[in-house]
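Student: Before we start, here is the structure in question, set down as structure tokens.
The values are calculated or read from the model by the stated rules, or taken from the named source; none is laboratory data. Values in this document were obtained by computation on a predicted structure and should not be read as measured data. Counting neighbours? That spans all protein chains shown, and the Cβs are built from the backbone with ideal geometry, glycine included. Surface accessibility is based on the protein's heavy atoms, side chains included, excluding ligands, DNA and RNA. Shrake-Rupley method; radii C 1.70, N 1.55, O 1.52, S 1.80 Å.
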Amino acid sequence: MTFAELVDRVASTGHQFLHTILLGLPILGMANHNLLQIFTAPTPTHHCRPPPNASAGPWVLPMGRNGKPETCLRFSYPSNASLPNDTQGATEPCLDGWTYDVSSRDSIVAEWDLVCNSNKLKELAQSIFMAGILIGGLTLGALSDRFGRKPILTCSYLLLAASGSGAAFSPTFSTYTVFRFLCGFGISGITLSTAILNVEWVSTRMRAVKSIAVGYFYTIGQFILPGLAYVIPQWRWLQLTVSIPFFAFFLLSWWQPESIRWMVLSGRSSKALKTLRQVAAFNRKKEEGKKLSLEEIKLNTQKEVALAKAKRSVADLFRTPVLRRMTFCLSLAWFSTGFAYYSLAMGVEEFGVNLYILQLIFGGVDVPAKFITMLAISYLGRHTTEAALLLLAGGCILSLIFVPADLMTLRTVLAVFGKGCLSGSFSCLFLFTSELYPTVARQTGMGISNMWARVGSMTAPLVKITGELKPFIPNVIFGSIALLGGSAALFLPETLNRPLPETIEDVENWSLRAKESKQEPEAEKASQRIPLQPHEPGLGPS
């Protein structure tokens, strides 16, 4: 009996629905944190503040090449000062700070003067947040394999609630970035544990549907964020509002059952049996739960338990040729998805459309994108869908290079379509990766894969800075990497309608059987093409 069959015996539609709700509600709020800087760090209209002696005469701002007033320079003297001709047009930096238009909303940019020479600090803040997610992926994956999915998930909820609230009261930019780093660390634990619990508590036939269903909570969260930002224009209150709910999620997580797979493979079969019987009682299958016995569970899983006792580490992901290829291709696909996704998602300001409306559009495209992705991975397969999504996204980003800046509608359409493809890529990868790695190394594999997505998302804001050299450079880099990731996805094995592998040996045998099944039809076709040899003259009977 497989783990999926054990779950099927005691689970029901009601249990699966409740399980999805418990996992999905925090994802609803997680979208707010991932995209929060769109609304807490917009750059308002600004110009140099006049010097203290400005009352001595009128001050006029110098004009830039675009015909608008300079934002980082001011004239050194009042316009009516009697000065030599060579000094009348002299300019200087904003020595006395800036004046901001915060009539619509305030931001960390206005509070800590993240403009002009300090404008890169805004992108740095987002990169530090992503660095927290990266470090979390490196550490929490292995910890979850050792201590369980549920403890890591519960602690991550508490960490995000506390650090997010702390960021709202930060007195300095440095303190703010430290708390944002911790927010990212907590988000990584939530993401990894949610993805694993989602696939380890569901039957094989329902994995794709449930994975996409949890993904829709993230989509709905993208609708909530612009609404909250519109109602709450103060960045500190907005930061606090999206953090407080995670204290409630921390309490709700105590009702979340631990993974049966993890408990059995970690030698906690008695606890696994108790959990199965509790789930059976909840689903009004108490008699079915009583039929389960500790001996039955141990008998059916003794092979997996014996193999799981071997210590697993990141090195195991590179131990065999099949796992090495899988890890390399998945890492590239995850990196390119995170890299390209956040280049579009965090670049809403660049499209010249109302910030709130465009964010609603960017969130809205995920609804059809995830639905189409669900159909594609259920019927076309995982690796074909993943490759197509990344290739389409890369094409959209590269197309932006050739669309003039004044064609804002077309640029927005391309960006929205590309973002939809990348959102679908994330949904596909979470399911695909959890199906490819064996149970004994699944959380570690998810952690490493997710790490590469965060490396990409952490690098994306820094790559945007290259636009100061040539405006098209960032899109060339983002688009090319997306195409490379889509090509790598083509080399991954298909997992459609296949049971989850339990051990590393299962992965190797799975790949071997796939190769043999491909070789058999080719051998049959080759035998059919062998021509009959004609008799040579003078040999044999005439």
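To keep it simple, each residue is scored yes or no on (1) among the basic types (Lys, Arg); (2) touching a Lys or Arg at 6+ places or on another chain (Cβ under 8 Å); (3) surrounded by fewer than 14 Cβ atoms within 10 Å (Cβ to Cβ).
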| site | (1), (2), (3) |
| --- | --- |
| Arg236 | yes, no, no |
| Ala248 | no, no, no |
| Ser259 | no, yes, no |
| Arg277 | yes, yes, no |
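Student: Condition first: in contact (Cβ under 8 Å) with a residue 24 or more places away in the chain, out of contact with any Pro (no Cβ under 6 Å at 6 or more places or on another chain) and not in a helix (DSSP H, G or I). Now tell me which residues in the range 457-501 satisfy that.
Tutor: Answer for the range 457-501, where residues must be in contact (Cβ under 8 Å) with a residue 24 or more places away in the chain, out of contact with any Pro (no Cβ under 6 Å at 6 or more places or on another chain) and not in a helix (DSSP H, G or I): Phe472, Leu490, Phe491, Leu492, Pro493, Glu494, Thr495, Leu496, Asn497, Arg498, Pro499, Leu500.
Student: Would a scan of the range 208-226 turn up a residue that is among the small types (Gly, Ala, Ser), surrounded by 24 or more Cβ atoms within 10 Å (Cβ to Cβ) and under 22 Å from Val314 (Cβ atoms)?
Tutor: The answer is no; no qualifying residue exists.
Student: Going by the structure shown, is Lys470 farther than 18 Å from Leu429 by Cβ, out of contact with any strand residue (DSSP E or B) (no Cβ under 9 Å at 6 or more places or on another chain), surrounded by fewer than 17 Cβ atoms within 10 Å (Cβ to Cβ) and modelled with pLDDT of 80 or more?
Tutor: Taking the combined requirement at face value, the residue satisfies it.
Student: Those residues that are touching a residue at least 40 places away in the same chain (Cβ under 8 Å) and either crowded, with 22+ Cβ neighbours inside 10 Å or of a type in the set (Asp, Glu) (or both), I need them from the range 343-364; list them, please.
Tutor: Listed by number, the residues that qualify are Ser343, Leu344, Val348, Glu349, Gln359, Phe362, Gly363.
Student: I'm trying to understand the selection: among the residues of the range 396-423, which are charged (D, E, K, R) and either over 20 Å from Lys370 (Cβ atoms) or over 19 Å from the mean Cα position of the chain (by Cα) (or both)?
Tutor: Asp406, Arg411
Student: Got a number for residues in the range 476-503 being at pLDDT below 90 and either within 18 Å of the chain's Cα centre (by Cα) or open to solvent by less than 50 Å² (accessible area, probe 1.4 Å) (or both)?
Tutor: 9
Student: If you don't mind, there's one more thing I want to ask. Of all residues in the range 385-416, how many are surrounded by fewer than 17 Cβ atoms within 10 Å (Cβ to Cβ) and in a helix (DSSP H, G or I)?
Tutor: 6
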